[in-house]
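What follows is a single structure, written as structure tokens, with notes after it.
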Amino acid sequence: MTAEKAGSLVSFRGALPLLIGALLGVRAGAQDSIGKRLDAQAPPAAAADLRPRFARDEILVRYKAGLGATSAAVLEVEASRGLTRKGANASIGVHRYRLPDGLPVADALRDLRRNPAVESVEPNWIYYLDAVPNDPFYDNYQANPTDLQRWYFAGIGGDTNLHAEPAWDLTTGRSDVVIAMVDSGIDLDHPDLAANIWTNPGEVPGNGVDDDGNGFADDMNGWDFRGDDNNPNPDLGDGIDNDGVGGPDSNTFHGTFSASCAGAVSNNGVGAAGAAWGCRLMAVKIFTDDGGAFVSDIADAITYAAANGAEVINMSFGGGFSSTVQTAVNFAWSQGAVQCASAGNGNSSSTQFPASLAHVISVGASDSGSIFGGGSGDIDGRASFSQFGTSAVDVVAPGDDLVGAAVLSVADGNPGAPAYFIASGTSFSCPLVSGLAALVISRARDLASTIDNDSVETILQTTAVDMPDDPNDVPNAGAAWDNHGRVDFLAAVQAVQGGGPPNSPPVANAGPDQSGVTGQVLTFDGTGSSDPDGDPLTYLWDFGDGSPTGSGAVVTHAYGTANTYTVTLTVHDGQANDADTASVTITSPPSGGPRLLFASSGTQTYPGLGSAADEDVVARDLGSGAFSLEFDGSDVGLAGASIDGFCRLSDGDLLFSFTAALSIPGLVGGPGGSTTADDSDIVRFTPSALGPNTAGIFTFHFDGSDVGLTSSSEDVDAIALDASGNLLLSTSGNASAAGASGEDEDLLRFTATGLGANTSGSFSIFFDGSDVGLTSSSEDIDAAFLASDGRLYLSTTGSFSVTGASGADEDLLRFTPTSTGSTTAGTFDLFLDGSAVGIPTTANLTAAFIDG
């Protein structure tokens with residue numbers, strides 16, 4: 001197939017549509033502003049991200065089953081706490097409230113999470129888009145006429161990259177397959193998109209009536225959930241960088257560009273090609289020209305798209321875990337939607353949500369082959385910004401130096417004019433995969449066969465091409481950086497049943513129902529699955545708890561929370577799929593006994609749990625011996641941090657200190673509005689969720705510099721509480737503060753008269769380590785916990801030897817006092833031999849707490 005384009009004549013093999021000779025929206029000198037590419041190197045230190053992480057006056061509540069909006073229990077919760085209704089999502093049962101003036105969100109969380117009528121409560125989190133443009137691109141591309149898109153759709157030389165051209169010879173998508181773009185809106189009149197914009201068949205335009213009864217009047221092309229109206233065009237902005245990230249009006253182009261990647265009109269003599277250029281694009285807007293989107297709007301957008309017929313939902317944004325978004329994703333999956341989300345641009349293995357939720361395909365980015373864009377040419381390598389690894393990524397697609405349709409903002413000049421940009425990010429690799437999902441669905445309909453969303457996900461993952469380890473990426477992400485691999489359009493389309501020789505579908509067998517306790521490693525055996533034709537099978541396991549999927553005939557998994565889970569095994573024979581489920585009932589360990597919560601230095605591996613980093617808190621059940629993850633620091637912005645002290649308050653909040661100063665995303669109440677906590681400070685974490693998907697709010701709790709902890713030896717490296725709730729602190733070296741001085745084997749009691757950004761109070765000696773034999777440099781206190789019976793549990797920075805006990809830094813001493821203070825006396829015994837119970841000898845316990 002050949003195509004003539006305005007201003008030039010270029011021929012490409014296959015169905016690839018070409019670019020026009022002069023791009024729309026020309027701006028003088030724009031080409032000169034294209035930045036020089038920086039190849040693999042250590043990324044510069046990132047500036048503190050001061051953007052808000054949640055709405056400061058809102059809360060999201062889901063009530064227990066059976067409690068409607070007019071039930072007495074719900075009305076009592078609202079009236080007694082002064083909650084004002086702002087909206088509700090009936091599909092998932094989530095209520096959005098405005099809080100009374102002056103009530104902190106953290107206080108509302110602490111209160112409502114204990115209310116028997118409440119199933120879940122969380123802040124109205126704010127998610128952010130996963131890209132900003134590299135540079136505007138408007139004209140003078142003719143020097144590399146085949147470079148702009150063909151390198152990723154058709155490859156370079158013998159490397160076919162997405163392998164799209166021959167796939168397009170089988171299908172370019174169908175007009176009855178809809179891709180919902182949950183984003184910053186789509187320029188509905190863009191000449192490269194207008195013909196592919198979804199039109200609601202049940203709505204009469206402009207009559208002000210909800211003709212189809214879906215709850216949205218005149219939603220002809222989608223809905224604007226940020227503005228609550230029927231105009232999902234992008235906001236063109238004000239020329240101001242309102243959020244301090246990405247430049248002024250940096251969101252305006254994003255949704256239009258993403259939509260172009262997924263489904264720009266092609267073979268029309270205009271602009272660029274989209275992945276599924278025969279499908280339709282539903283505009284579902286949640287972002288304005290700058291800043292983030294509330295998870296309440298995100299959940300409403302997801303459920304709207306699914307309820308109004310979107311077969312594919314694209315989500316090129318992310319943030320921390322949200323139970324509200326998880327519930328919306330589960331609803332969309334139940335409606336049959338395939339959901340794709342960007343893995344994130346953090347250049348790490350940390351998970352991002354919604355990408356890492358079950359029933360969502362997480363998309364990372366491979367590198368650039370664009371000569372014009374200054375790409376490396378290593379199209380099999382990892383894009384320098386992309387998340388990586390099996391926890392963060394399911395598949396990858398090109399995401400660096402892509403070309404797409406855009407609309408100009410006020411900051412660009414000529415606002416509202418159509419244009420084309422070069423941009424990079426997992427935001428844009430994601431819609432390529434969404435487009436491929438739409439092609440797979442289209443191919444199935446062409447062949448008069450049915451295909452469900454799980455089967456589409458399986459096809460995309462099992463036909464992906466594994467990429468080699470990229471030796472040039474920094475940090476090196478290893479051979480599994482791309483997980484299942486880079487998607488292959490042709491292989492995926494050909495895998496649709498009916499697309500090849502007659503095939504008998506496989507039969508999945510997930511094995512028997514199982515039961516266990518939290519932290520126990522369970523084995524799931526799918527070897528009972530079979531294929532009538534003897535075709536080799538691939539296996540995909542969904543464990544039902546929102547954790548990353550597993551692959552292989554036999555897999556293991558441990559659950560962190562007591563509940564009943566449905567495990568789904570999907571098998572694929574190259575053309576057809578089958579799924580089977582097993583029920584897993586997880587209970588708390590039978591002992592019902594106490595748990596040791598602890599942090600340790602470095603990344604360590606624990607039996608039945610796997611690895612935990614030094615920003616995590618691990619729990620060990622002291623009765624059953626099972627390990628589980630209590631707190632995942634990377635979920636809440638602490639990746640790379642090291643916990644130096646930890647304890648839990650009676651209301652369930654957590655206190656933390658860290659080994660070095662760090663900026664904590666969304667930290668509330670810091671001095672002068674700062675989000676930085678120093679190593680002599682303590683922050684308070686109010687959780688809305690704990691375990692593998694940790695979420696919550698950080699509040700500044702204790703400013704060490706206000707009360708004399710200012711030298712490098714006065715860093716807080718152990719936190720405990722006395723019976724009155726006063727802080728007990730150990731420092732990394734000698735300390736001299738208001739009222740007392742001590743050494744690193746001592747514990748100081750802090751009696752507060754004020755906490756937070758203006759901390760005040762006085763210190764006294766609570767425990768003098770030298771009085772009871774802690775005298776060597778390796779016997780400095782590194783972790784402390786005071787039990788209700790007055791006994792003190794301690795870990796040290798190295799080996800210890802005192803009367804009654806000796807051990808190493810992974811062990812826990814117990815001290816039974818006969819007196820405390822400046823004349824400490826008592827006896828020691830060894831409470832926990834870490835190495836004997838599965839704590840590695842390389843682990844230095846840096847914090848400890850015993851509950852129960």
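The Cα center of region 597-664 and the Cα center of region 824-852 differ in position by 15 Å. Annotation: the antiparallel percentage among DSSP beta bridges lying fully within the chain is about 80. Rounded to the nearest 20, the size of the Cβ-charge dipole of the chain about its Cα centre is 1140 debye, with Lys and Arg at +1 and Asp and Glu at -1.
Near R648, once Lys and Arg are set to +1 and Asp and Glu to -1 for all other residues with Cβ below 11 Å from its Cβ, the sum equals -2. Does region 670-827 classify as rounded, prolate or oblate by the C-alpha gyration tensor (a ≥ b ≥ c root eigenvalues; a/c under 1.5 gives rounded; else a/b over b/c gives prolate, otherwise oblate)? It is prolate, given that a/c is not under 1.5 and a/b is the larger ratio. With each label modelled as a point 7 angstrom along the Cα→C-beta vector, the D211-N726 pair spans 7.4 nm. I want to verify the translational diffusion coefficient of region 384-505 in µm²/s; compute it with Stokes-Einstein, Rh as the Kirkwood radius over Cα pairs, at 25 °C and 0.890 mPa s. So the translational diffusion coefficient is about 149 µm²/s.
Couplings 3J(HN,Hα) of region 90-99, computed from phi: 5, 5, 10, x, 9, 9, 9, 10, 8, 7 Hz, in residue order, whole Hz [Karplus 6.51 cos²θ - 1.76 cosθ + 1.60, θ = phi - 60°; x for Gly and Pro].
For the pair region 785-823 / region 230-304, the C-alpha centres are spaced 58 Å from each other. Taking square-rooted eigenvalues a ≥ b ≥ c of the alpha carbon gyration tensor, is region 151-245 rounded, prolate or oblate, where a/c under 1.5 means rounded and, failing that, a/b exceeding b/c means prolate? Note, shape of region 151-245 comes out oblate. Averaging Cα coordinates gives a centre for region 528-584 and one for region 367-396; these two points are 29 Å apart. Counting only other residues whose beta carbon sits under 15 Å from that of D101, what net charge do I get with K and R as +1, D and E as -1? So the environment of D101 carries a net charge of +1.
Taking trypsin sites (Lys or Arg not before Pro) in DSSP loop conformation with at most 13 other Cβ atoms inside 10 Å as exposed sites, the chain has its longest uninterrupted site-free stretch at 115-852.
Using C-alpha pairs below 8 Å separated by at least 6 residues, the relative contact order for the chain is 9 percent.
Measuring r between the beta carbons of S835 and D513 and using R0 = 30 Å, the FRET efficiency lands at 0.25. Computed from backbone phi with θ = phi - 60° and the Karplus coefficients 6.51, -1.76 and 1.60, the 3J(HN,Hα) list for region 230-242 is 9, 10, x, 5, x, 6, 7, x, 10, x, 10, 7, 5 Hz; x is used for glycine and proline.
Leaving out ligands, DNA and RNA, what percent of the accessible area of region 463-515 is carbon and sulfur, probe 1.4 Å?
55 percent
When percent of Cα pairs over 44 Å apart is computed from the coordinates, the matching label among (i) 36; (ii) 40; (iii) 32 is (iii). Excluding ligands, DNA and RNA, the accessible surface per residue across the chain is 34 Å² with a 1.4 Å probe. Using a/c under 1.5 as the rounded threshold, could you call region 529-634 rounded, prolate or oblate? The axes a ≥ b ≥ c are square roots of the C-alpha gyration tensor eigenvalues, and prolate needs a/b larger than b/c, oblate otherwise. Taking the square roots of the gyration eigenvalues as a ≥ b ≥ c, region 529-634 is prolate. Dividing the summed helix terms, -39500 (n - 2.57) for each DSSP H run of n ≥ 4, by the number of residues in the chain produces a 222 nm estimate of -3500 deg cm²/dmol to the nearest 500.
The values are calculated or read from the model by the stated rules, or taken from the named source; none is laboratory data. Note that this is a predicted model, so its numbers are computed, not measured. Heads up, the Cβs are rebuilt from the backbone with ideal geometry, glycines too, and the neighbour counts pull from every protein chain shown. Only protein heavy atoms, including side chains, enter the accessible area calculation; ligands, DNA and RNA are left aside. Shrake-Rupley method; radii C 1.70, N 1.55, O 1.52, S 1.80 Å.
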